[in-house]
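Readers should treat all values here as calculations from the given coordinates under stated rules, not as data from a laboratory. Here the structure is a predicted model, which is why all the values come from computation and not from measurement. Every residue, glycine as well, gets a Cβ built from its backbone with ideal geometry; the counts of neighbours run over all protein chains shown.
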Amino acid sequence: MDDVVIAILRSGTPLVYVTLAGVIAQRAGIWHLGLEGLMITGACATVVGTVLTGSVATALSIAVLICVVGSILFWFVVEKLRANQIIAGLGLTGLGLGGTSLAIQSIFGSQAAISAPAGLPRIGAAFGAYGVLSVLVLLMPLAVFLCWLLLCRTRFGLRLSASGEHPFAARSVGVNPSAMRLAALVIGGVLCALAGAELAAGSLQIFSQNMTAGRGFMGFAAVIFGAGHPLWATLAALFFAVVGALGIRAQLVFGDRIPHDLLLGLPYIATVFGVWLSARLRGGAKAAAGGFGELRDN
Amino acid sequence: MKGNDSIILACRDVAVRYGDVVALDDVSISFQRGLIHAVVGQNGAGKTTFARVVSGLVRPQKGSVEIGGTRLAGGSVNDARQAGVELVHQSFALPPSFTVAEAMQFGASGGRLYTRGGLERRWQAHLDALDVRVSAQARIRTLTVEQQQAVEIARALVSDARLLILDEPTAVLSPEGASKLFERVRRLKERGVTVLLILHKIREVLAVADTVSVLRGGRLVDGPLSTSGMDGDRLASMIIGSSARALDGEDRAALTGAAVPHGETHAAAADRQPVARLRGVNTRPDEDGTALQAVDLTVGRGEIVGIAGVEGNGQRALVRAICGLAEVGAGSVELDGADVSRATLAERREAGLRVIPFERNAEGLSLTSPLWENWSAGRLLARPLLSAISPAGLRRDCKAALDAWDVRYAHVGQPAGSLSGGNAQKVILSREMDEAGRLVIAAQPTRGLDIGATAFVWEALRKARGRGCGVIFVSSDLDEIFDLADRVVVMLSGRIVAEFRPPFDLERVGAAMTGARA
Amino acid sequence: MSDSLAAIVRAILFIVLALAMCGVIFEFAGYSAPQMFQSIVDGAFLRRNALEHALRWALPLFITATGIVISFRAGYFNIGAQGQFYVGAICAAFVAEWLRGYPAAMVIPLCFAAGMTGGALWALWPGLLRLRSGADEVITTLMGNFLAGLLLVYVTAGPLKDPSGSGQQASSRPLEAAYRISASSGVSPTIIGIAALVGIAMWWLVNRTAFGVLSGLSGRNPTMVRWQGASTWKIGLASFLVSGALAGLAGTIELMGPNGRLAGGFLPAHGFTAVLIALVAGLSITGAAIVAFFFGGLASAALYLPVMAGLPSAAIDIINAAIALFITARSRFIDRVTKAWRRPWTTS
């Protein structure tokens, strides 16, 4: 039982961090499809940084820095250049996936997986079997709480929500929605870096190409499923993680009798289900994505 | 340099341009402290832009704004609020999903972190002190229009505002609501707050304001003038100017709100054959939460029926029900005697239904699409989806129609969003007011239009009536309804609560709008 | 300057910006940007047979892109072309395998029918979810891509597995030679013919039918079109089905043409590239034909780079991604510059 919970926490923590990044962006009015790209950048930077500098802390800082820069670039393209959020987000993801591939090739000369000498610090033997979990897992509930506090109990959070929901109302009280979105994306960038770090260096300390496997998009879906609320979105993310863990478990139990790939597909199916369900619950009317830009009138 | 201490607001040579459009043209004006000032003008005269410049929302290209002697840095709302200026917007700046407490909080200063309970207590106290009967826990989207306005005003009064600007506050209120608002404004004056009201009805100005200033075409015509002994007709002339065509007495009165029109009785009211009939129609609640309840309505041939009522009392549901865009639970809808209750909107259009929707930009036009596409949409929908079309032919037809309706445009390929409001509405008219129409629903057709365009729309509707069409005319402006309609029906909470024939009495209709008399 | 010319200028400017950013990234990663760009241009357009290679990639991409143009114009962000492409190929492969031995004249059309149907079905379920329940099609079609990828791996390692396979990468048995519609070069009269037919048909659909005008209006303002009496259902459903079928057709062509067999994870960038083509072309069919050629060249360069120049093919992915990042951007500066030359909009 313990190892199931550990597996869920391991796979769920990166998903939760990236979901929180998505929630904050959503509140500010941004549909962030670049989460996947930022996450893999964070993962790569953490592992490669550890290999190159020998220090996980330095590598983590580099990962955060790169993700923040990427987020600022995204903000610039979407806010100042008014690009379509969805396409630009996919572009950002592509840059992350391609950029990490390029970096690996350039530094190590091959496309093979990179192994880091050290990973994130673990919680420690005092927690028994759970000691193998990384510190970021322990910090995850705190992150959720802080996110909730920020968005739902501070004036900053209200101003952020206003910037996303009713930018004119925000401007009428002197808030700059553009600046709010920048803040939201930068915070999100940090969270995505942490997500990537946990994914790569949280347990196995390996970076392989495309290791995010759509988790960034699942995080985005969790935001939709949770209607942009930090607590509900976190639960949705954990739900996806549970489904994923069950899939792997089922593989072990049922062996070859159920196709391996079908079980791997469970999280994606769960995501589709989640999006459908949340749309049903909200009456199905408002289907319009936030930023259609030139492809929509408004 | 404190200057004259009794001047609360001084603008010098303020100019604002949006691209090619001049919104304000070298406006210089000063207002005295402690009085109620009115700024009037027709739509497009620059009143809202003026209000936004003073409150810091818009930065003027030229000129300066001084509050109590201190010059404001243009374009900074924070700066203006520091100086004590607060603006209440025409369409409220309240995020719909926020609770009232949250809406008040996010504009306030002090206190970063809060608990839900503490927040609600703090703001409930403030609301109660201002005699606003709204619960701090309620969500903005559940409030009525009057309540939302009260919340907006309460929010503006959180900081000690010295100058409160209200942009077209009476546009959405019933006559009684407007009176209550003026009461509130008078009480604010007693407290020493200077109030600047953006209005466009003369009689409102004369009822509440101490001074009046007139804007026209972005310029200051005159002002501030004292309102005591002010001649309404002189004011009307200043507002309209000489450029608009000759208007008859009742129209002029309706357009400027100088006096309430009484409406004309048209002959042979009884033997009109109905063009449309609704019997006992019920619908499910709309997006704004109102549902029609047991609505009976008949519209005769060659008749304009005015639908009066405060916005949000079922007018949208009514229009959607007639169009077939709402889920009708019970009752029937007939067009020209045929039951269309199950018909789609496309089928109803075939049967002669035409609609000028509420929102010109969101529902009537696709702003980024070319004019000819906007104009042809209805025609194309009458054909099978895969039918071949000739864009050249459609463009020709569109051009002919737009020219016939005197639309100002350069070529039919330009996007609809590049037209002015009045011209855009003419495009919609050219599309909807064709010969084959039997019932025309005109929903707030003159909203946001200047006097010339408004008169044009009225003439078009009257011509349609003359052709034998039935017209359903929805408006929140009673002057307009009284001037145009042959019969006025009042809606309240999804029901039709009263019907009136000319001569119309403002008090009785106003009372029906708020349900004062059962 | 007409509006479309202004759009082209804008597209070119932003592509240049994207390439500049890529140059910075290449340098940062330790490669020489000039050398990288030179090799790409070499591989795409200058080497021997470069045009034929570019065409081989461009033709299927063009077909998929036309479907995406139709879907995006109608306002539906169907970014599941990759999945629909895969499912189309899978369905065609199954038919080719089951009917092994039957005359080509019978099998080939059936394969095409199966491929287009498969692609259409893979677009149908996200379409229904969106039209009936309002479920956002961006996520559902994206998930559909991942699921189709898994399905492909399963199929090539399971039901359609090549018994004589070397085991390196799962793939199906090669098709019978008679069923192939082109050699491995990927360019044949059949494929060119199909692409031309699709291009003409889709151009006609967009520019000369009621559907074309109405779906365009619906994409920009569905509320307005509903108030005119449109059934957004019909328009939406048609858009999803057509775009899915075309992606499936492209998948079938790739299978029966240059590839000759189904391989797990083949052409993983096809869908995204097709989306890019549609966007760079400004959602126009004729534009897509031209732009597809450009991206076809890039795709062929992706194979050239590692082999001939020792550079990573990820460079092409980065170029594509950078273009995606900027291509929908608008700049007031550029608008003002082009406005000076554009046809005036107002009389005053």
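General remarks:
- Separation of the B:Ser30 and B:Asp248 label points, Cα + 7 Å toward Cβ, nm: 4.7
- For the protein assembly as shown, size of Cβ-based charge dipole, Lys and Arg +1, Asp and Glu -1, in debye: 660
- Residues in the stretch C:150-159 carry Karplus couplings, in order, of 5, 4, 4, 4, 4, 5, 6, 9, x, x Hz; the curve used is 6.51 cos²θ - 1.76 cosθ + 1.60 with θ = phi - 60°, and Gly or Pro positions show x.
- Backbone N under 14 Å from the B:Ala382 label point (7 Å along Cα→Cβ), restricted to the stretch B:305-348: B:346-348
- Coupling constants for the stretch A:219-226 follow from the phi torsions by the Karplus curve (6.51 cos²θ - 1.76 cosθ + 1.60, θ = phi - 60°), and in residue order they are x, 4, 5, 4, 5, 5, 4, x Hz; glycine and proline get x.
- A Förster distance of 45 Å, applied to the separation of the beta-carbon atoms of B:Ser341 and B:Glu183, puts the FRET efficiency at 0.50.
- When the C-alpha to C-alpha distance is required to be over 26 Å, the pairs from B:Lys201/B:Lys426; B:Lys180/B:Lys201; B:Lys463/C:Lys234; B:Lys180/B:Lys463 that qualify are B:Lys463/C:Lys234; B:Lys180/B:Lys463.
- Low-density loop positions, GluC sites (Glu not before Pro), the stretch B:337-388 - DSSP coil, at most 10 other Cβ in 10 Å: none
- Gap separating the Cα centres of the stretch C:248-318 and the stretch B:412-460, nearest whole Å: 48
- Rounded Å value of the spacing that divides the Cα centres of the stretch A:27-50 and the stretch B:314-348: 51
- Loop chymotrypsin sites (Phe, Trp or Tyr not before Pro), the stretch C:137-228 (other Cβ atoms within 10 Å of the site Cβ: 16 or fewer; DSSP): none
- Cross-link partners for C:Lys339 among the aspartates and glutamates, with Cα-Cα distance under 18 Å and sequence neighbours closer than 8 places in the same chain left out: A:Glu294, B:Asp20, C:Asp3.
- Only Cα sites of chain B enter the Debye sum here, all with the same form factor; the resulting log10 I(q)/I(0) across q = 0.13 1/Å is -1.37, listed in q order.
- Cleavage-rule hits (trypsin sites (Lys or Arg not before Pro)) in the stretch B:385-467: DSSP loop, at most 12 neighbouring Cβ within 10 angstrom: none
- Put simply, the Cα atoms of the stretch A:43-172 extend 53, 41, 20 Å along their principal axes, the longest span coming first.
- Computed [θ] at 222 nm, deg cm²/dmol, chain B (DSSP H ≥ 4; -39,500 (n - 2.57); rounded to nearest 500): -9500 deg cm²/dmol
- For the stretch B:7-246, relative contact order (Cα pairs under 8 Å, six or more residues apart, normalised by length) works out to 27 percent.
- Principal axis extents of the Cα atoms in the stretch B:366-432, from largest to smallest and rounded to whole angstrom, are 34, 21, 20.
- Spin-label model, B:Leu225 to A:Ser61: label points 7 Å out along the Cα-to-beta-carbon direction sit 7.1 nm apart.
- Within straight-line cross-link reach of B:Lys189, aspartates and glutamates at Cα separation under 14 Å, skipping those fewer than 8 residues along the same chain: B:Asp160, B:Asp210
- Largest mean-square fluctuation among A:Gly124, A:Gly49, A:Gly22, in a Gaussian network model of chain A whose springs join Cα atoms under 10 Å apart, belongs to A:Gly124.
- When only alpha carbons are used to place a centre, the stretch B:1-41 and the stretch B:141-160 end up 25 Å from one another.
- Computing FRET efficiency as 1/(1 + (r/R0)^6) for B:Asp397 and C:Arg100, where r is the C-beta to C-beta distance and R0 is 51 Å, gives about 0.35.
- Between A:Gln111 and A:Leu146, the modelled labels are 3.8 nm apart [label points 7 Å from Cα along Cα→Cβ].
- Theoretical FRET efficiency, 1/(1+(r/R0)^6), r = Cβ-Cβ of B:Ser76 and B:His411, R0 45 Å, to 0.05: 0.65
- Chain A - Debye-derived log10 I(q)/I(0), Cα point model, q = 0.07, 0.14, 0.15, 0.16 Å⁻¹: -0.26, -1.04, -1.18, -1.32
- Volume in Å³ per residue [convex hull over Cα atoms, computed for the protein assembly as shown]: 191
- Under Karplus coefficients 6.51, -1.76 and 1.60, residue-wise ³J(HN,Hα) of the stretch B:405-411 in Hz, glycine/proline x: 9, 6, 7, 8, 8, 9, 8
- Here the stretch B:366-432 is treated with +1 on each Lys and Arg Cβ and -1 on each Asp and Glu Cβ, and its dipole about the Cα centre works out to around 100 debye.
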